[in-house]
Every structure is written in structure tokens, then in C-alpha cells.
1. Only Cα pairs under 8 Å and at least 6 apart count here; give the relative contact order of the chain as a rounded whole percent.
2. Once the dipole of the chain is set up with Lys and Arg at +1 and Asp and Glu at -1 on Cβ about the Cα centre, which of PRO69, ALA113, SER57 lies farthest towards its positive end?
3. So what is the relative contact order for the range 68-141, in percent, with contacts set as C-alpha pairs under 8 Å and at least six apart?
4. Any of LYS58/LYS81; LYS59/LYS98; LYS18/LYS48; LYS59/LYS100 with alpha carbons more than 23 Å apart? Name them for me.
5. Restricting to DSSP H runs of at least four residues, report the calculated mean residue ellipticity at 222 nm for the chain, -39500 (n - 2.57) per run over all residues, nearest 500 deg cm²/dmol.
6. Report the charge-dipole magnitude of the chain in Debye, nearest 20, computed about the Cα centre from +1 at each Lys and Arg Cβ and -1 at each Asp and Glu Cβ.
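Just so you know, all these numbers are worked out from the coordinates, no wet-lab data involved. All of these numbers come straight from a predicted model, not from anything done at the bench. A quick note on method: Cβ atoms are made from the backbone with ideal geometry, for glycine too, and the neighbour counts reach across all protein chains shown.
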Amino acid sequence: MNLKQKQSSNVLVVVLEKGEELVSTLTSFCQENEIFGAWVSGIGAVSKAELALYDLSKKEYHGKKFSEPLEIASLSGNIAKLNGEATAHLHAVLSDKKMKTYAGHLSNAVVAATCEVRLEIFDAAITRKHNKEIGLNLING
Ligand code: ZN
């Protein structure tokens, strides 16, 4: 990943490169740069990905893996702080060669050509805490 441009005091454009795992690379970038509160949007392409749906009654994700070239028609989510560490919560709309789309919680993805991400960084951290009833680490401040 490399930092291409600083558009304003609180917005960064970051570019992920071919072969990088999207979720972990973005999370590491935020951890290293002490970004603990940001909103994410982006576009790009992946060579494989896993999307998921959270089953609230079972408190577990049901994932679907894709191993084909897909466009990231839309990437959205946020960066928050969980137990002192940066954490990314990302959703994506992916499209295949027939322009059929798949969408959901983005568990992981490998960048194909590129992935262009806009990070809107907040002055204060967004904090997450585990919620037993829901079974997820929800935003609590
Ligand atoms: Zn999600």
C-alpha cells in the first residue's frame, strides 16, 4: 500500500496494490498511522474475496468465497478502535463479468489491478465494544 495524496487535513487517498489482502492491509495501515476513527469508501478490483452475512440468531457469519476477477463496484465501511487496536468493518458490492453483483460483509479480498480508498478521518476515535446480546463488537462511542 502506498499513500498517494493528501487531499485535505482529514481525508486521505490510499491505494492498495495487486496481491495485497484488502482488509488486513487497510487495518495495518490505520494501526501504523494511528487512525482509529475514519469512514471508508472505495473502488477497485479483486481476484478473490469472501463476503458474509451475519446470522443474528446463531451469532455467526455465513460466508461465500469467490475465486474469480470481480470489480469492487462499491466499498464502504469504517475504521474504529477495539481493545486499543485499529479494526476495519467493511462491506462491498462486487460485480462479475456479466455485471452480476454480490454484496455483503467483506471478510477478506485480494486486490487485483488496484483498490482506491478514501479515508475520511475523524479527530476522535470510534470505539467498539463486544455486545453479548448481538454477538458482535458494536460501536459504543
Ligand atoms: Zn458487516
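1. 33 percent
2. It is SER57, whose Cα lies furthest towards the positive end.
3. Working: 102 pairs, mean separation 19.3, N = 74.
In percent, rounded to a whole number, it is 26.
4. LYS58/LYS81; LYS59/LYS98; LYS59/LYS100
5. For the chain, the value works out to -2500 deg cm²/dmol.
6. Magnitude of the dipole: close to 320 debye.
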